[in-house]
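Written out below as structure tokens is the structure these notes cover.
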Amino acid sequence: MRELTVLGTASQVPTRHRNHNGYLLRWDDEVILFDPGEGTQRQMLLAGLAVSPITRICVTHFHGDHSLGLPGIIQRISLDKVPHPVAVHYPAGGQEYFDRLRHATSFWDNSDVRPEPVGAGFVVETPIGRLTALPLRHSIEAYGYRLVEPDGRRMLPDRLAERGIVGPAVGELQRTGRLGAVTLDEVSAPRPGQRFAFVMDTGLCDEVFDLAERADLLVIESTFLAQDAELAAFVGHLTAGQAASVARQSGVRTLVLTHFSQRYPDATRFLDEARTQFEGEIVIAEDLMRIGVPARAQVLA
Ligand SMILES: [Zn+2]
Ligand SMILES: [Zn+2]
């Protein structure tokens with residue numbers, strides 16, 4: 001299963017309807033928590049999610065709305081005696097903030113939390129693909145994340161049947177690329193890997209486009225509306241229109257807008273402005289919403 005659960009969608013301060021940030025990506029056996037803001041542990045409870053499956057935590061930057069939930073999540077990992085290691089990525093320049101949050105209060109530490117700070121050229125191979133980070137343009141050091149599943153091949157049942165290839169022979173063909181006179185290419189089609197991108201607090205910069213490039217699912221901040229574009233640029237944030245324009249130019253499939261300023265009570269305005277820039281699927285994120293990674297793009301043989 002590949003699905004994003006939205007835990008919080010507010011920038012700066014939580015509101016009655018929006019918690020601070022928090023996004024849980026389940027991608028097969030990997031469960032990645034992005035930007036746990038204050039209250040993330042309780043939002044997970046309300047979403048019916050346990051902390052124990054989390055395999056990795058990615059923090060874009062050390063502003064409170066993206067990281068004040070770390071102490072609670074780490075202590076819960078410890079309390080629940082999560083047996084596997086949990087890698088935590090965060091801007092290397094924010095090490096002192098991480099150290100404080102990691103040990104914010106006294107607790108009996110059973111966790112196997114493994115700090116893996118992010119710097120220039122960060123890349124890590126995970127069981128589900130390559131995770132990279134690129135710097136964003138914000139008031140403090142910040143990174144966006146991008147997860148890319150390797151391309152593969154999709155077996156075509158009709159072609160296999162035509163050639164009488166069944167059972168274990170299919171596996172052998174996949175492993176060796178050839179079975180007698182039949183090659184893998186003849187009975188399979190390219191299967192493009194899926195891509196997920198996570199872009200939080202940033203002004204517009206090349207890296208935003210690089211992160212979003214052909215993402216099946218892009219989660220991107222949309223703090224402001226066009227009426228406040230000057231302010232957005234000044235403080236290092238995006239408008240809904242800018243975020244949607246990134247999605248269009250980068251060939252994104254599903255666009256998730258979030259991190260809304262509390263100054264706008266009507267979230268439909270974000271959709272209206274985004275719609276002028278992007279024709280694909282747009283989701284205006286709400287707390288506790290579940291968003292499926294769209295079905296794999298099919299490439300015909
Ligand atoms: Zn923020
Ligand atoms: Zn910020």
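From the list Asp65, Asp35, Asp28, pick out the single residue that is within 16 Å of ligand 2 (Cβ to nearest atom), within 16 Å of the chain's Cα centre (by Cα) and over 20 Å from Asp112 (Cβ atoms). Quick ask: steps written out before the conclusion?
Working: Asp65 fails: within 16 Å of the chain's Cα centre (by Cα); Asp28 fails: within 16 Å of ligand 2 (Cβ to nearest atom).
Of Asp65, Asp35, Asp28, the one residue that is within 16 Å of ligand 2 (Cβ to nearest atom), within 16 Å of the chain's Cα centre (by Cα) and over 20 Å from Asp112 (Cβ atoms) is Asp35.
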May I ask you to list the residues in segment 167-209 that are touching a helix residue (DSSP H, G or I) at 6+ places or on another chain (Cβ under 6 Å), open to solvent by less than 10 Å² (accessible area, probe 1.4 Å), more than 16 Å from ligand 1 (Cβ to nearest atom) and not in a helix (DSSP H, G or I)? Ala197
Taking segment 103-140 on its own, how many of its residues are touching a Phe, Trp or Tyr at 6+ places or on another chain (Cβ under 7 Å) and among the small types (Gly, Ala, Ser)? 1
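Return the only residue of Ile32, Ile73 being part of a helix (DSSP H, G or I) and buried (at least 23 other Cβ atoms within 10 Å of the Cβ). First the steps, then the outcome.
Details: Ile32 fails: part of a helix (DSSP H, G or I).
Result of the check over Ile32, Ile73: Ile73.
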Take Asp109 and tell me if it is part of a loop (DSSP other than H, G, I, E, B), within 16 Å of ligand 2 (Cβ to nearest atom) and modelled with pLDDT of 90 or more. no
Of the residues in segment 12-54, how many are among the charged types (D, E, K, R) and within 16 Å of ligand 1 (Cβ to nearest atom)? 3
Find all pairs meeting these conditions: Cβ atoms under 6 angstrom apart; at least six residues apart or on different chains; first residue within segment 128-139 and in contact (Cβ under 8 Å) with a residue 24 or more places away in the chain; second residue among the polar types (S, T, N, Q). Leu136/Thr202; Arg137/Thr202; His138/Thr202
Any chance Thr60 is buried (at least 17 other Cβ atoms within 10 Å of the Cβ), in a loop (DSSP other than H, G, I, E, B) and modelled with pLDDT of 95 or more: yes
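If a residue must be within 12 Å of ligand 1 (Cβ to nearest atom) and in a loop (DSSP other than H, G, I, E, B), how many such residues does segment 1-11 contain? Spell out the reasoning first.
Start the filter on segment 1-11 by keeping residues that are within 12 Å of ligand 1 (Cβ to nearest atom), which leaves 8-11.
From what's left, in a loop (DSSP other than H, G, I, E, B): 9, 11.
Final tally of qualifying residues: 2.
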Conditions (1) in a strand (DSSP E or B); (2) among the charged types (D, E, K, R); (3) within 16 Å of ligand 1 (Cβ to nearest atom) -> Asp65 fails only (1)
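Output the residues belonging to segment 1-22 that are away from ligand 2 (no atom under 15 Å from the Cβ) and closer than 16 Å to Asp65 by Cα. Reasoning before the result, please.
Step one: filter segment 1-22 for residues away from ligand 2 (no atom under 15 Å from the Cβ), giving 1-7, 15-19.
Val6, Leu7, Thr15, Arg16, His17, Arg18, Asn19 - these are the residues of segment 1-22 that are away from ligand 2 (no atom under 15 Å from the Cβ) and closer than 16 Å to Asp65 by Cα.
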Would you please list the contacts, defined by Cβ atoms under 7 Å and residues six or more apart or on different chains, that run from a residue in segment 221-237 that is more than 14 Å from ligand 2 (Cβ to nearest atom) to a residue that is of a type in the set (D, E, K, R) and open to solvent by 10 Å² or more (accessible area, probe 1.4 Å)? Leu225/Arg269; Leu225/Glu273; Ala226/Glu273
Exactly one of (1) surrounded by 23 or more Cβ atoms within 10 Å (Cβ to Cβ); (2) assigned to a loop (DSSP other than H, G, I, E, B) is unmet by Met44. Its number? (2)
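Could you tell me whether Arg56 is of a type in the set (Lys, Arg), out of contact with any strand residue (DSSP E or B) (no Cβ under 9 Å at 6 or more places or on another chain) and more than 16 Å from ligand 2 (Cβ to nearest atom)? Before you say what the answer is, go through the steps one by one.
Details: of a type in the set (Lys, Arg): yes; out of contact with any strand residue (DSSP E or B) (no Cβ under 9 Å at 6 or more places or on another chain): no; more than 16 Å from ligand 2 (Cβ to nearest atom): yes.
No: the conditions fail for Arg56.
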Can you pull out the residues in segment 133-166 that are open to solvent by 90 Å² or more (accessible area, probe 1.4 Å) and within 16 Å of ligand 1 (Cβ to nearest atom)? Arg137
When both residues are 6+ apart or on different chains and their Cβ atoms are under 8 Å apart, which pairs have a first residue that lies in segment 57-68 and is under 15 Å from Asn19 (Cα atoms) and touching a residue at least 60 places away in the same chain (Cβ under 8 Å), and a second that is more than 11 Å from ligand 1 (Cβ to nearest atom) and open to solvent by less than 10 Å² (accessible area, probe 1.4 Å)? His66/Pro36; His66/Val59
Just for segment 135-159: of the residues that are within 16 Å of ligand 2 (Cβ to nearest atom) and in a strand (DSSP E or B), which one is farthest from the chain's Cα centre (by Cα)? Arg137
Mind checking which pairs have a first residue in segment 1-29 that is more than 14 Å from Ser222 (Cβ to Cβ) and a second that is of a type in the set (S, T, N, Q) and open to solvent by less than 10 Å² (accessible area, probe 1.4 Å), Cβ under 6 Å, 6 or more apart or different chains? Leu7/Thr40; Gly8/Asn21; Gly22/Thr40; Leu24/Thr5
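The values are calculated or read from the model by the stated rules, or taken from the named source; none is laboratory data. Values in this document were obtained by computation on a predicted structure and should not be read as measured data. A quick note on method: Cβ atoms are made from the backbone with ideal geometry, for glycine too, and the neighbour counts reach across all protein chains shown. Surface areas here come from the heavy atoms of the whole protein model, side chains and all, with no ligands, DNA or RNA. Shrake-Rupley method; radii C 1.70, N 1.55, O 1.52, S 1.80 Å.
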